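**Student:** Supplied in structure tokens, the structure appears directly below.
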Amino acid sequence: MSALKVDQRSFEHPEIAVKETQSTGWGLFANATYKPGDPIFWLSTEDTYASKIVKWEDSFGDCFDRGYTIVPDFGFCCTSESPFWNMNHSCNPNAGFVNWGRIENGLIPIVAYKRIAVGEQITADYATFTMSYDGTPDGGPWEMGPCLCGETDCLGVVTGFERLPLELQMKYILPASKPYGRVLAHIVHDLPRLEEILRQQSPKRFAEYQQALKGLYGKSAELQQTIGPSRPPSPDWKR
């Protein structure tokens, strides 16, 4: 991607912008102050000028590393017109999902997890976007490394959510403060042990999780009708 192209990037929301970084090339930065829970931008479950929804098996190639499994069996594939294109990973992110990725009017919000000041880079943990089978077309695990986030608690390699330490998984599933539900519901549903921990430790959060999961699977069923059948293979660890 050329510097000129990124420098001229114009987003629908002027509160965010793309700027050059020292370690990753380019990143997403705040032009306004965000409080915890404030929405920063939205990801669409429908095709837009900046993104499209594709069958899971079509989410590799040009879409790989520029999207994720937005609902079960279907991928979100964006262009450089989307803020998601330039949102870098961090092992200590300041933004990400809320309410288990619950769909709101066809959109999934990305919100602030802590106060983000003007000029601060907006980051997310890619693990919270990644299913256990998103690495290869035959269902292998996803991995990216080395990690360049520079955090003191950096894990060194970026992986799917299923490979995070349990302590870190719990920080996303049951964080100490709002916003709650910081990982996609269908990622948790793919990990029965974590789903059971959530059910036992917080019936209220579990009920919210189930509501979000129902909506995500409902959207998947709709896409099966409009785009066509799509079904990822069983991941390696389940075989």
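**Student:** Asn86: crowded, with 23+ Cβ neighbours inside 10 Å, touching a Ser or Thr at 6+ places or on another chain (Cβ under 9 Å) and not aromatic (Phe, Trp, Tyr), yes or no? Reasoning before the result, please.
**Tutor:** Values: crowded, with 23+ Cβ neighbours inside 10 Å: yes; touching a Ser or Thr at 6+ places or on another chain (Cβ under 9 Å): yes; not aromatic (Phe, Trp, Tyr): yes.
It is true that Asn86 is crowded, with 23+ Cβ neighbours inside 10 Å, touching a Ser or Thr at 6+ places or on another chain (Cβ under 9 Å) and not aromatic (Phe, Trp, Tyr).
**Student:** Does Asp190 meet the test of being free of Cβ contacts under 8 Å to residues at least 60 places away in the same chain and surrounded by 20 or more Cβ atoms within 10 Å (Cβ to Cβ)?
**Tutor:** Numbers: free of Cβ contacts under 8 Å to residues at least 60 places away in the same chain: yes; surrounded by 20 or more Cβ atoms within 10 Å (Cβ to Cβ): yes.
Yes.
**Student:** I've got another one for you. Count, please, the residues in the stretch 93-108 that happen to be aromatic (Phe, Trp, Tyr) and part of a loop (DSSP other than H, G, I, E, B).
**Tutor:** 1
**Student:** Here's something else I'd like to know. Only one of Pro233, Pro146, Pro141, Pro179 is in contact with a Gly (Cβ under 7 Å, 6 or more places away or on another chain), part of a loop (DSSP other than H, G, I, E, B) and either of a type in the set (Phe, Trp, Tyr) or surrounded by fewer than 14 Cβ atoms within 10 Å (Cβ to Cβ) (or both). Can you tell me which?
**Tutor:** Working: Pro233 fails: either of a type in the set (Phe, Trp, Tyr) or surrounded by fewer than 14 Cβ atoms within 10 Å (Cβ to Cβ) (or both); Pro141 fails: either of a type in the set (Phe, Trp, Tyr) or surrounded by fewer than 14 Cβ atoms within 10 Å (Cβ to Cβ) (or both); Pro179 fails: either of a type in the set (Phe, Trp, Tyr) or surrounded by fewer than 14 Cβ atoms within 10 Å (Cβ to Cβ) (or both).
Checking each option against the conditions leaves just Pro146.
**Student:** Same structure again: Among Pro83, Pro93, Pro109, which is at negative phi and at pLDDT below 95? Don't jump to the end; show me each part of the working.
**Tutor:** Working: Pro93 fails: at pLDDT below 95; Pro109 fails: at pLDDT below 95.
Within the list Pro83, Pro93, Pro109, the selection yields Pro83.
**Student:** Would you confirm, using the coordinates I've provided, whether Gly37 is of a type outside the set (A, V, I, L, M, F, W, C), assigned to a loop (DSSP other than H, G, I, E, B), touching a strand residue (DSSP E or B) at 6+ places or on another chain (Cβ under 9 Å) and surrounded by 14 or more Cβ atoms within 10 Å (Cβ to Cβ)?
**Tutor:** Values: of a type outside the set (A, V, I, L, M, F, W, C): yes; assigned to a loop (DSSP other than H, G, I, E, B): yes; touching a strand residue (DSSP E or B) at 6+ places or on another chain (Cβ under 9 Å): yes; surrounded by 14 or more Cβ atoms within 10 Å (Cβ to Cβ): yes.
Here the answer is yes, as Gly37 does meet what is asked.
The values are calculated or read from the model by the stated rules, or taken from the named source; none is laboratory data. Just so you know, these numbers come straight off a predicted model, no measurement behind them. Methodologically, a virtual Cβ is constructed for each residue, glycine included, from the backbone with ideal geometry; neighbour enumeration extends over all protein chains shown.
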